[in-house]
Structure formats: C-alpha cells, structure tokens
1. Quick one: what do you get for region 223-324 if you divide its Cα Rg by 2.2 N^0.38 Å?
2. Of the GluC sites (Glu not before Pro) in region 163-262, which ones lie in a loop per DSSP and count no more than 11 other C-beta atoms within 10 Å?
3. Given the rule -39500 (n - 2.57) for each run of at least 4 DSSP H residues, summed and divided by the residues of the chain, what is its mean residue ellipticity at 222 nm, to the nearest 500 deg cm²/dmol?
4. Out of region 252-292, which GluC sites (Glu not before Pro) are coil in DSSP terms and have no more than 12 other C-beta atoms within 10 Å?
5. Which aspartates and glutamates have a Cα less than 16 Å from the Cα of Lys433, not counting those fewer than 8 places away in the same chain?
6. Quick one: net charge around Asn4, please, counting Lys, Arg +1 and Asp, Glu -1 for every other residue with C-beta under 13 Å from its C-beta.
7. Report relative contact order for region 260-399 in percent, whole number only (criteria: Cα-Cα under 8 Å, sequence separation at least 6).
8. Count the net charge of all other residues whose Cβ sits under 15 Å from the Cβ of Ser113, scoring Lys and Arg as +1 and Asp and Glu as -1.
Amino acid sequence: MRKNFVEELRWRGMLAQIMPGTEELLQREMVTAYLGTDPTADSLHIGHLCGIMMLRHLQRCGHRPVILVGGATGMIGDPSGKSQERNLLNDETLRHNQECIKAQVAKFLDFDSQEDNAALMVNNYDWMKNFTFLDFAREVGKHITVNYMMAKESVQQRLNGTARDGLSFTEFTYQLLQGYDFLYLYQHYGVKLQLGGNDQWGNMTTGTELIRRTLGNEVETFALTCPLITKADGKKFGKTESGNVWLDRNRTTPYAFYQFWLNVSDDDAERYIKIFTSLDKPTIDALIEEHRQDPGRRILQKRLAEEVTVMVHSREDLEMAQEASNILFGKATKESLLRLDEQTLLDVFDGVPHYTLDKSELGQPAIELFTRPDVPVFPSKGEMRKMVQGGGVSLNKEKLDDQQRPVTADDLIDGKYLLVQRGKKNYFLITIK
C-alpha cells in the first residue's frame, strides 16, 4: 500500500493549496512530480528547505521527484513575491550553481536508486536555449491570453504595488516559461504534478492551463503548494542579522547553522520539527509532549537542530557544532578549541569583546598585555592578580597560574588568536596582527 503523500504533508503543516483530484491521483499510481528552483546562487538556503522536504516526502511515499533547476528562467527572474527585477546570470555561472545545488539536494533525495522512483535533476536551459522567440510565440503564446496572465495576483501586485519600475515584458512572460516547463516535462518525463511554495500558485496553474489548451481537455495535470514559512512573530523565516542561513558550509558554518535551529522559539520549534525533519508522527508527538512538560530543557530545539544539521551536513559536523557550543557554554579543553576552523571560532565568539594587538607586543607577561587600555580584559593589574590567584583566569581554555607568564606566538590559535576567559562567563577574543 502506497503511503498517502497528501496526508503526510497535511499533518506536518506543509499543505497550502491543492487542485481537486490530486490526492486521488497520488493514491492511484506512482506519480512523477517536479519542483523548480532558480540557480541564482551556488547554494540553497533554508528558505528552500520546505520545498526540498516536500520532494523528500514524495519519494519516501513511493513517487518520483524531479528537481528542475531554472537555468533559463534564472536568466530572467520571477515577479512572484519580488519588488525588483533580478540580475541576469551567464551560462558558466548557472552551470556551476546547478552542480553545487545538485550536490546539496543529493543529501535529501536518492538519485541512484534502482527503483522506478529514482530522483532526477533537469535544467530548463537545455530545452529553452534553442527555442526561438517566433517558435515560442506561435507554440506557447497563442494558447494563453493576456487577460488570463494579467489576472494573476503576482502580476497585479507588481502593476499596482510600490515597485517603481513596474513590470518588464521579460518578467511578464515568466509564467509562460514556467508553464512551458510543465508542458515539456509532461511530454518527455510524464510529470503530472507540480510542487512549489504558495507564492507560485499562479504560475503553476498557468502550467496546467497551458497543458489543457495545448494537448486537450482530457489531459489532466495538477498542482500542490506548501505554505510560505514564517516565524511565530510573523517575520520572514531563515533570515538572521547577518543574512540568509545557507546550506553551504563556506557561507554558513555548521556551528552557526546548528545554532540557528537551537535558538528558535518554542512555538516555532513545534512547527519546524514537523516540516524540516523526517521524524514520524508518534516520535514528534512524544517530543512535543515531553517538551511541554519542561520547556526549559529545550528538548524540541535540540532534537530539531540535531536532525537538520545531520541531514544537511553530517554526524561529524553535528558533533563539532555541539562541541563548539560547549566551549562557550560548558566545559571544554584546549584541544577542542584547537579543532575549530577559523570561521567557526569567529562564529562561536561572535558576541564577545574583540580586541586587536600588534604581533610585536608578543613576548610580554600576560599581566602587561591584558590590562592595557586598548585590551582592557582586566580593569587593573591588581584585579588581574587577584583573579589569577583565585584560579579564575584561563588562556585558550588552560588555567593561567602565573600572571607574569609570557604570551608568545606559540600560544596563538590558527596563528593569530588568543582567547582569554575571566571568571566563568566572560570571554575576550584578541586578534594578533
């Protein structure tokens, strides 16, 4: 018996709109469904994750997922939810971005399965690059009226909204291009269902309409959307003060990624653990119940952060992120400090006072370096002596027993950092230049 994909999305809070007949189709046969993503960067961010998780659940329910990288449409830009036209990308950049995205998506989908529902990645640039404007106007444009296109909410918002530049013809044609993708995928890969975020509903229904008008009323295709994920306070999900939370470790370290999930609110944790993990309903219900008994233990946030970090990165990266968290919030050794790469070190100590010293100052006693006006770890030498005698000072996670001990280049982490700890909770990061 095939697992009910729509029901899976429904209990997870991942179902927004669905065309009549979609659920029946999915119960009746193995369905090939696609979701599009624009390769405007060489990494996805967690704003893309809900769609990717839809594909993951689809494959686990016995259906075939297709991820479409919009190499052609990425050169244009979609007006949905945007107030400005996006920059156009060249072919080389798009191909690079596609390869990076496939490597990320491969952690969620099985492209190598021997079963009929092995995942597939396609790029619409492959079928659009030789499609002339005249052919497109004749084969696609004649089937959809301007009246139909103008009625779409995404178009109306750009025409009547606050965008100063209005809506270019290029962007106006986006829904026809996306519609043609669906038609092409139906004809060449048997795709009958398009998945996407709820802001895509207008473009998706243009696709089903184009297929009906091109191939006849008896051809049925369907669309299904997930809600746009927000935070409990209504703000945009996936953004931090420093910008997007990326899946690429070079853009967002596994530590910072782990911390993002660890720090979500209780209400958000209850929603996100359903959307962004593959844990089953009994497990999630039990975790929510346990969390509600004692919210202070943050059981939901910890499990959510673990599951998503392992899925996107690895078990080793999770352990490194947890160990890095312990450096700041618990007991840790110099060895664990030295294991951190530079960006993770900077992420861990992002909020602590940060000072800079010239390397020519090295070799001086600790008490001279850490009481300087430009490195005020201690307000006075007397204060530092007292704290060192009481065992309350550490350098690079090792207790400082002698305030006269010289600080040398051998003490530097990554060749340029010193970490001083005053008491249990006060950290100071010093960069040597």
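1. On the way: Rg = 13.7 Å, N = 102, 2.2 N^0.38 = 12.8 Å.
Computed over Cα atoms of region 223-324, the ratio equals 1.08.
2. Details: sites: Glu171, Glu209, Glu218, Glu220, Glu241; in loops: Glu218, Glu220, Glu241.
Loop-located and lightly packed - Glu218, Glu241.
3. On the way: 20 runs with 187 residues, N = 433.
Computed ellipticity for the chain at 222 nm equals -12500 deg cm²/dmol.
4. Numbers: sites: Glu270, Glu289, Glu290; in loops: none.
Here no loop site has a sparse enough neighbourhood.
5. Cross-link targets: Glu342, Asp358, Glu361, Asp374, Asp410, Asp411, Asp414.
6. Values: positive: Arg2, Lys3, Arg10, Arg12, Arg28, Arg60, Lys281; negative: Glu7, Glu8, Glu23, Glu24.
Here the charged neighbours net out to +3.
7. Values: 94 pairs, mean separation 22.6, N = 140.
Value for region 260-399: 16 percent.
8. Numbers: positive: Arg56, Arg60, Arg64, Lys107; negative: Asp110, Asp112, Glu115, Asp116.
It works out to a net charge of 0.
The values are calculated or read from the model by the stated rules, or taken from the named source; none is laboratory data. None of these values were measured; they are calculated from a predicted model. A quick note on method: Cβ atoms are made from the backbone with ideal geometry, for glycine too, and the neighbour counts reach across all protein chains shown. What goes into the accessible areas is simple: the full protein's heavy atoms, side chains included, and nothing from ligands, DNA or RNA. Shrake-Rupley method; radii C 1.70, N 1.55, O 1.52, S 1.80 Å.
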